[in-house]
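Here the structure comes first, spelled out in structure tokens, and everything after it is commentary.
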Amino acid sequence: MNWFANISLRRKLIVIQLMTTLAGLTLFGIFTVTNETRLHQADLGRKSETITRMIATNCTAPLDFLDGPAAEEVLGSARADDDVVNAWIYDAQGGLFAAYSKPGSPEFNFPQRSPGLYRGEGGFLTVSNEIEKRGEIIGVVSLRINVQQIWVVLFQSMVYATLAFAIGMGLALLLSLLLQRVISSPIHALVTMLKRVSEEGDYAIRAENPRRDEIGALCEGFNEMLGKIQQRETERDAAEATLRKSEQAMKRMRAYLQNIVDSMPSVLVAVDPDGTVTQWNREAAHMTGLTEEESRGRPVGDVLPVLQEQLEKVRAAVREGRRLENERFSVRGEGQEPKHYDLMVFPLVANGAQGAVVRLDDVTSRVQIEEMMVQTEKMMSVGGLAAGMAHEINNPLGGILQACQNIERRVSLDFPKNVEAAQEIGADLGMVRHYLEKRGILEFITGIRSDGTRAAGIVADMLAFSRKSESRQVRVDMAEIVDTVLRLAANDYDLKKQYDFRNVKIVREFEPGLPPVECDKTKIEQVLLNLVKNAAQALAGGKGENLPEIVVRVAKESHFVRIEVQDNGPGMEENIRRRVFEPFFTTKEVGVGTGLGLSVSYFIITKQHKGTLTVESTPGKGARFIIRLPLVLEG
């Protein structure tokens, strides 16, 4: 009955009226058809019994005298009734004495039966009656009657009932359509009014009430309810307006304060006396990857693991109500560089608040810069000392080279004055020279002069490299720059003997006929020297079985010159290779490097020379740094 419950009131009334009419008409039709059928059956039965009694009476004499034709003539009188199809007379022994069949009907033998009504098959009714003579049964007469007339009567009754049913239902529908409006129209109007109130939110709408029945009372009740709701809505709107103004002012103030907190570059975390997080700012969310909602209510040591070892200091500051300022500590993760932090704790003491605000600053970059400044200062001092020493070495080195040259000239036979001076002391200059050659003294002098010349070249390169000069672009021979860098690096070795460049095999692969490159010579030398020294240090730290080797290639590539520095050292893992150009990133021990060499080199190549600097490396197979410099700088 869900369909009935969900239809409109108008349709409910129509359905109720129609169902009531349908039930009454159906019962009336059933009663009428049944009664008509029953009456017709009774009439047919009485008529059949009358015919059989009449035939039985008239057949007494033919049976008594065994006059078959007379008996058949008596049976023939049954043709006057159209419903009689067959008739039989049986003698006392049950034998067929006479028979009659309606013209056009098939022969049908019916066995002897007792008197009474017998319903046959195929729509026929059989009636039998005994033939008596002076109380003795001398035979049986049987009639086979067609009962189709009963179905005709039944059909006619049903047709009349159906017509009456249709007319009655039509009248009921018409009356229900007219009368239901008396009930459904005011209720429909009331429902429409309620929908308007619900959709428009206008509680000033009122239902019209021209009636004095229950529907009128319902409308009055709704109007009274709407009046009270309208009054409450007016009061609530006024209260909500005041509340909204207060909430907006509070939201603006909270947003303003939150913006102040979020704009600070420090991690700010508010905790209760138990160390549970109650609030934190955007920097804290950025550092931990947790939103304020995800961290609220959790212990501060769980959401900020870097504070795990400092929790006792935080709790003590909160418990004692004292400030903790500039407490610096370091945290080193497994396989990671150390991180440095400054910790400050400010207890909350105003307005009965309990807890504290924890401020955490990542000062790793500041510490690295401080260390870099100290290291740079040392390097500047060493550089100045090296430049001064180079100047000082250059003077006696010049005297040594000049003395070697003079010794070679004084023992030469090409100068007559040398021969004369030897003769004056009674010596044979040729024999003296032969002695010097025999003992290898002249080779020693030549070696001294050659090494001195080489040392003078090294000093000259050091002075040129360390000399402060203005940045300017000139066209230079890149092969010459590489040779200069390799000469400088060839004399570089660690004071602790961690590596010695002289033990590294240098392979030069220069493409002939290279065009000049427009660049800042000093800065490119700085970049190449850094790459070559890094390669040498990597080879010194490796434990490979191959001979340490550095290959430097210079070749033309379209509008660029390509410079490669390749070593056969231990190589780099992929996570290290991706970070080699980051500032302050280094895999060396503390004090060995600042982590700025490759980042500065990357800046010089990409920003100042509009080129590229990349690295390729496979663990265990060395590394290759590739520089591409444009042949001509634009702008």
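The table for this structure:
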quantity: Chain lengthening between T278 and F65 when straightened (0.36 nm per residue, less Cα-Cα); calculated: 63.6 nm
quantity: Virtual spin-label span in nm between M54 and V476, 7 Å along Cα→Cβ; calculated: 15.1
quantity: Entries of K313/K339; K339/K621; K438/K505; K339/K533 with Cα pairs more than 23 Å apart; calculated: K339/K621; K438/K505; K339/K533
quantity: Phi-based couplings in Hz for region 53-63 (Karplus 6.51, -1.76, 1.60; Gly and Pro marked x); calculated: 5, 5, 5, 4, 5, 6, 8, 5, 5, x, 5
quantity: Contour excess over end-to-end distance, with Cα ends at S450 and R328 and 0.36 nm allotted per residue; calculated: 38.2 nm
quantity: Potential lengthening between E549 and L311 on full extension [0.36 nm per residue; Cα-Cα distance subtracted]; calculated: 80.5 nm
quantity: Approximate spin-label separation E573-E240, in nm, with each point projected 7 Å along Cα-to-Cβ; calculated: 6.1
quantity: Label-point separation, K556 to T20 (7 Å along Cα→Cβ), nm; calculated: 11.3
quantity: Å² of accessible area per residue within region 234-340, as computed with a 1.4 Å probe and no ligands counted; calculated: 68
quantity: Interchain or long-range residues, amide H under 5 Å from K339's placed H; calculated: V331, R332, G333
quantity: Total formal charge among the other residues, if their Cβ is under 14 angstrom from that of L66, Lys/Arg +1 and Asp/Glu -1; calculated: -3
quantity: Other-chain or far-sequence residues with amide H under 5 Å of L633's (modelled H); calculated: E518
quantity: Area accessible to solvent at R332, 1.4 Å probe radius, in Å²; calculated: 150
quantity: ³J(HN,Hα), Karplus 6.51/-1.76/1.60, whole Hz, each residue of region 252-266, x for Gly, Pro; calculated: 4, 5, 5, 4, 5, 5, 5, 5, 4, 5, 6, 6, 6, x, 8
quantity: With DNA, RNA and ligands ignored, accessible area of H559 (1.4 Å probe; Å², nearest 10); calculated: 140
quantity: Area accessible to solvent at E424, 1.4 Å probe radius, in Å²; calculated: 150
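The values are calculated or read from the model by the stated rules, or taken from the named source; none is laboratory data. The structure displayed is predicted, hence computed values, not measured ones. So basically every Cβ, Gly included, is an ideal-geometry build from the backbone, and we count neighbours across all protein chains shown. Heads up: the accessible areas ignore ligands, DNA and RNA and are worked out on the full protein's heavy atoms, side chains in. Shrake-Rupley method; radii C 1.70, N 1.55, O 1.52, S 1.80 Å.
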